[in-house]
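Remarks on the structure that follows.
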Amino acid sequence: MNTVLEQEEEKEMKHCTATRNACKLCTPLGACLAFRGVEGCIPFLHGSQGCATYIRRYLISHFREPMDVASSNFHEESAIFGGGKNLKAGLANVSAQYEPEMIGLATTCLAETIGENVPLILKEYRDNCAVEDAPPIVSVSTPSYRGTHMDGFHETVRALVGHFAESGRRQERVAIFPGMVSAEDLRHLKEICREFGLPATLLPDYSETMDGETWDSYQKMPSGGTPIHEIVGLGSVRMSIEFGRSLVGRDSAGAFLEKQFQVPRRLLGLPIGIRETDRFMEVLETATGRCKPAALRQQRGRLVDALIDGHKYVFGKRAIVCGDADLATGLAAFLSETGIFPVLCATGERRVGWEKQVREAAPDLPPESQVCDRLDFAEIEERAEELKPDIVIGSSKGYRLARKMGVPLIRVGFPIHDRIGGQRVLHLGYAGAQQLYDRTVNALMEKKQTDSTVGYSYL
Amino acid sequence: MPTDIEMKNPDGIASSIPAEKIKEEMLKAYPAKTAKKRGKQILSNDPDTLPEVGANSRTVPGIMTQRGCTYAGCRGVVIGPIHDILHITHGPIGCGYYSWMTRRNLVRPEPGATNYLQYCMSTDMTEEQIVFGGEKKLKQAIQEAYDIFKPKAITIYATCPVGLIGDDVHAVAREMKETLGINVFAFSCEGYKGVSQSAGHHIANNGVFKHMVGLDNTPSEHPFTINMLGEYNIGGDAWEIDAVLKNCGIHVTATLSGDVKYDDICRAHNSALNVVMCHRSINYMAEMMEKKFGIPWFKVNFIGADATAKSMRKIAKYFENPALIARTEEVIAMEMAKLRPIRDAVKARCQGKKVALFVGGSRAHHYQELFRDIGMEVISAGYEFAHRDDYEGRRVLPNLKVDADSRNIEELTVEADPERFNPRKTEEMRRSLEESGFCFSDYTGMMADMRKGALIIDDISHHEMEKLIELTKPDIICSGIKDKFIIEKMGIPCKQLHSYDYGGPYASFSGAINFYQEVDRMLHTKIWKFVVPPWQKDPRLKARPTIAQKEKAPKKEEPQSFKRPAASGQAGE
């Protein structure tokens, strides 16, 4: 139910009834990706096969990697009489073919609309299961009419922790819940922890499963992912670090560990740009009692140096940032550090209090910057007419906007399906900011060069 | 004719595995009931006896299928390409988002013409509408869409929850049609209907026929007019076909549906002939138009040089005009003269290589022609969502069992139009054409064109694809994006025939040249040398070119409670 605050906000904003060119994806997509980041896990959608097919093709066109999502293949009669039989048959078939370590079960609109009692079906399945030692099944409720892909992602991580985490002797290890970031981001986070000498469990970790090597042996399941025994151990980690300012006050994985196992929780913004990364580094310094390692210190130093080198090209340029709320928050924080003016930060998600979060992360964001949730690309385009941006930073779906405005698009986040290497875009840490900065400056320089009637080659 | 699928092991020693043996290997991993069901969809071809394929049957849950849903077939495939009508998806956001410019059905609108393809309109249903109904929101969305865009027509597509909560999309459409005075119509294409996207094709055909075809009786000024049915202009195919036909003097009124306008479809019934490319997705339309307007139809194929020439001759002959026939021969001769040297050069490098195709409802058949042009051999093929008639030919239609899923989809009762029914050919003319080898209203299917012993796999799963690669090691596989990257991980080039891998066109003569060269490049690019495929590394696979069973990789240590289950033949069900 909407809170009073939400209803108030609703009145203020005059949205179109229809969503034209959405700036968000559907809930089970986030669930599938999160499940894919667990070792030996096969995602399974309870609903019609079209959902699995669409979600697979969408994730694949971004990652360019195999992505299996099983489905209970609802038909008209399952839609009427329930899909329990299909679900049980599907679980058995997936277990036999793939021998998974676990099955990640997410529901779709169809199953939720008819009110499937998934826990009951799963209990019946386990009770009558011919397979002894059947793989564990973690289920999460993700109808597309409730929330977005980001909600599906976070709820899945929460469900995984809720299912597996156990208490135990306190470990040195920390838990990191990175949110929906790129495969390269995940690798970089692991590298940062290695630099600190800090053992860490990332959940999920699809850095290998969704960006793997060619195969020199047949694989039923791609290697990589967070091992299940490490998820079990999350109940006894020394602290959890959770990225995403939008998770404040929500029942997230970190919040659960804190409540259930008294694991201290550090909720941070996505470490994009200098200050948000500094905050992350401070947490790691406190955790390890060590100063920032030299390699990271140097990365930060080089980044600051680069910002100085490039500031004359970007100062005062107007940017539209659009995408997932937490990603857009991080980008806004970073851009305002560089002297670029984020004239509009937009997300398709419904995020009450988002503007406050953005302004906390980016205190120097000019007051006239618009920060707006629940926007679609048609509305962003309408605002862009007035705002006259110099650059757009967002997913491939921002292409139409950038093309219409005649400005460059810096592709970040998800989905990137009109370029190669979407999974290797680095956003996080000083190194991520460095890459974003170089790309942004170069795009602006290229535009200037292309638009010049003379064709200067020395800029 | 060889009846086995030949393969070469890395030492170059040829050996072969009978199709039956491959099938057995594929089915091993399945529980008994699943194996039995899948067994009906995997078989060894015999072009003379044409064994029965268990096609258009439900996919077993938990089997990794490539199939999509009814909504995808309706909104995504058949109607989506009509670029000047406004498409509104009634449902939560996912369905609309995923069908937003994801198919490469290209358009080239005339300057200033309307093109809505870049828009993805969705009612973006939330919990409130699921509980209290979404008709009000839909009505508002239609009104807004009209206010903003003033389109000629608006179409509405129902997604899974809409059917369940009982929103009457058709009533809303009727009401808004009256209110706005433009054509508004709806499709009940909920994803759970039917066994695959094929159900959506049928629903789309019905809607287009009921609400668009026949609205504009303005006769065409062209002497030789046809409609190209089941051509979706992926990568620009329809443009190539249009161009080569135009060169002969044949005018395509409407292409259903590729780079096509609303008005073109409304006047399609004035054409003299319907030709069918993709039999699966559009045969309903061809039949209904014949019944109502008397337009004959026959099957053509513009994929492959020889196939294109054959199809062009057939169309020219239909019009029985000597000048047209002569001009068509001229065009063919001209195009073939350009094509022949390129084809021969590519053929010299590709001859004897093996290909497997698993795609669509017609492409797995059509593309065999292109590979045949360059001397490559098809060892295995199958459709994703086709029916028995696409495999075995329309002769099976009278005895086809209508199951619950097919009965779900409305079969329109079509009668001859009292005023506009006009048989383009008299009985006598038809007979004389038939005597000279013409086949009206027929499709002989894919299997008759394939050799004995080739492996037919309907609705192939990931697991079966992997087994096929392991056992037969094709030189190239044609498939879609969902299995492309698994195939390439194993060192085998994969050509996507749904989207053409961002390439194309491949239709007609110039398209064929394009395809030959692309296959040549894919097969011979040096990157494959860096990939060590499993069978080169595993000594057991190398030593035994027959059936190689892969042992489980040694397992990593992990807590007792998370052991894998034993692969069981009787799990669940």
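The values are calculated or read from the model by the stated rules, or taken from the named source; none is laboratory data. Keep in mind the model is a prediction, meaning the values are calculated, not measured. Neighbour counts run over all protein chains shown; Cβ positions are idealised from the backbone, glycine included.
Checking every residue in segment B:255-271 against the condition of being assigned to a loop (DSSP other than H, G, I, E, B), within 14 Å of chain A (Cβ to nearest Cβ) and in contact with a Lys or Arg (Cβ under 9 Å, 6 or more places away or on another chain) gives zero matches. When residue A:64 is tested against (1) surrounded by fewer than 24 Cβ atoms within 10 Å (Cβ to Cβ); (2) at the interface with chain B (Cβ under 7 Å from one of its Cβ atoms); (3) within 17 Å of residue B:160 (Cβ to Cβ), just one condition goes unmet, and that condition is (3).
Evaluation of residue B:214 against the conditions (1) modelled with pLDDT of 95 or more; (2) out of contact with any His (no Cβ under 9 Å at 6 or more places or on another chain) shows that the sole unmet condition is (2). If you go through segment B:461-509 and keep only what is farther than 25 Å from residue B:34 by Cα, of a type in the set (A, V, I, L, M, F, W, C) and either out of contact with any Lys or Arg (no Cβ under 9 Å at 6 or more places or on another chain) or touching a residue at least 24 places away in the same chain (Cβ under 8 Å) (or both), you end up with B:476, B:477, B:478, B:490, B:492, B:497, B:507, B:509. Of the residues B:186, B:204, the single one that is hydrophobic (A, V, I, L, M, F, W, C), crowded, with 17+ Cβ neighbours inside 10 Å and not in a strand (DSSP E or B) is B:204. Does at least one position in segment A:361-375 carry a residue that is under 19 Å from the mean Cα position of the chain (by Cα) and basic (Lys, Arg)? Taking every residue of segment A:361-375 in turn, at least one turns out to be under 19 Å from the mean Cα position of the chain (by Cα) and basic (Lys, Arg). The residues of segment A:198-220 that are more than 13 Å from chain B (Cβ to nearest Cβ), aliphatic (A, V, I, L, M) and in a loop (DSSP other than H, G, I, E, B), listed by number, are A:198, A:203. Of all the residues that make up segment B:157-169, how many are away from chain A (no Cβ under 11 Å) and either hydroxyl-bearing (Ser, Thr, Tyr) or under 29 Å from the mean Cα position of the chain (by Cα) (or both)? Qualifying residue count, segment B:157-169: 3.
Matching residues to (1) farther than 17 Å from residue A:246 by Cα; (2) surrounded by 21 or more Cβ atoms within 10 Å (Cβ to Cβ):
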position: A:342; (1), (2): yes, yes
position: A:355; (1), (2): no, no
position: A:361; (1), (2): no, yes
position: A:376; (1), (2): yes, yes
position: A:381; (1), (2): yes, no
position: A:385; (1), (2): yes, no
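Of the helices (runs of 4 or more DSSP H) entirely within segment B:469-573, those holding at least 2 residues that are farther than 28 Å from residue A:102 by Cα and either of a type in the set (Val, Ile, Thr) or modelled with pLDDT of 50 or more (or both) occupy B:508-524, B:534-537, B:539-543.
Checked against the criteria, residue B:71 counts as among the aromatic types (Phe, Trp, Tyr), surrounded by 24 or more Cβ atoms within 10 Å (Cβ to Cβ) and within 12 Å of chain A (Cβ to nearest Cβ).
Of all positions in segment B:262-276, at least one carries a residue that is under 22 Å from residue B:68 (Cβ atoms) and either crowded, with 21+ Cβ neighbours inside 10 Å or free of Cβ contacts under 8 Å to residues at least 12 places away in the same chain (or both).
Among residues belonging to segment B:115-145 that are under 18 Å from residue A:397 (Cα atoms) and more than 7 Å from chain A (Cβ to nearest Cβ), point out the one that is surrounded by the fewest Cβ atoms within 10 Å (Cβ to Cβ).
Looking at residues that are under 18 Å from residue A:397 (Cα atoms) and more than 7 Å from chain A (Cβ to nearest Cβ), I get B:115.
The criterion of at least 2 residues that are basic (Lys, Arg) and under 23 Å from the mean Cα position of the chain (by Cα) is met by the following helices (runs of 4 or more DSSP H) wholly inside segment B:345-418: B:363-373. Listed conditions (1) within 10 Å of chain A (Cβ to nearest Cβ); (2) touching a Cys at 6+ places or on another chain (Cβ under 8 Å); (3) on the phi < 0 side of the Ramachandran plot are all met by residue B:101, apart from (3). Residue B:146 meets all of the listed conditions (1) closer than 23 Å to residue B:230 by Cβ; (2) not in a strand (DSSP E or B) but one, namely (1). Residues that are among the small types (Gly, Ala, Ser) and at pLDDT 95 or above were ranked within segment B:77-98; the one that is farthest from residue B:156 (Cα to Cα) is B:94. Taking (1) touching a Lys or Arg at 6+ places or on another chain (Cβ under 9 Å); (2) without any contact (Cβ under 8 Å) to a residue 24 or more places away in the chain in turn, residue B:26 satisfies each apart from (2).
So that you can scan it fast, the table gives a plain yes or no per residue for (1) buried (at least 24 other Cβ atoms within 10 Å of the Cβ); (2) more than 9 Å from chain B (Cβ to nearest Cβ); (3) modelled with pLDDT under 95; (4) not in a helix (DSSP H, G or I):
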| residue | (1), (2), (3), (4) |
| --- | --- |
| A:5 | no, yes, yes, no |
| A:9 | no, yes, yes, no |
| A:29 | yes, no, no, no |
| A:34 | yes, yes, no, no |
| A:52 | yes, no, no, no |
| A:55 | yes, no, no, no |
| A:60 | no, no, no, no |
| A:74 | yes, no, yes, yes |
| A:77 | no, no, yes, no |
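Just one of the listed residues (A:192, A:121, A:114) is in contact (Cβ under 8 Å) with a residue 60 or more places away in the chain and of a type outside the set (S, T, N, Q), namely A:192.
Just to be sure I understand, how many residues within segment A:36-50 are at the interface with chain B (Cβ under 8 Å from one of its Cβ atoms), of a type in the set (Gly, Ala, Ser) and not in a helix (DSSP H, G or I)? Before you say what the answer is, go through the steps one by one.
Of the residues in segment A:36-50, the ones at the interface with chain B (Cβ under 8 Å from one of its Cβ atoms) are A:40, A:44, A:47-50.
Filter once more, keeping what is of a type in the set (Gly, Ala, Ser): A:40, A:47-48, A:50.
Going one step further and asking which of them are not in a helix (DSSP H, G or I), we end up with A:40, A:47-48.
The qualifying residues number 3.
When segment B:1-28 is filtered for residues that are of a type in the set (A, V, I, L, M) and modelled with pLDDT under 90, the ones remaining, listed by number, are B:1, B:5, B:7, B:13, B:14, B:17.
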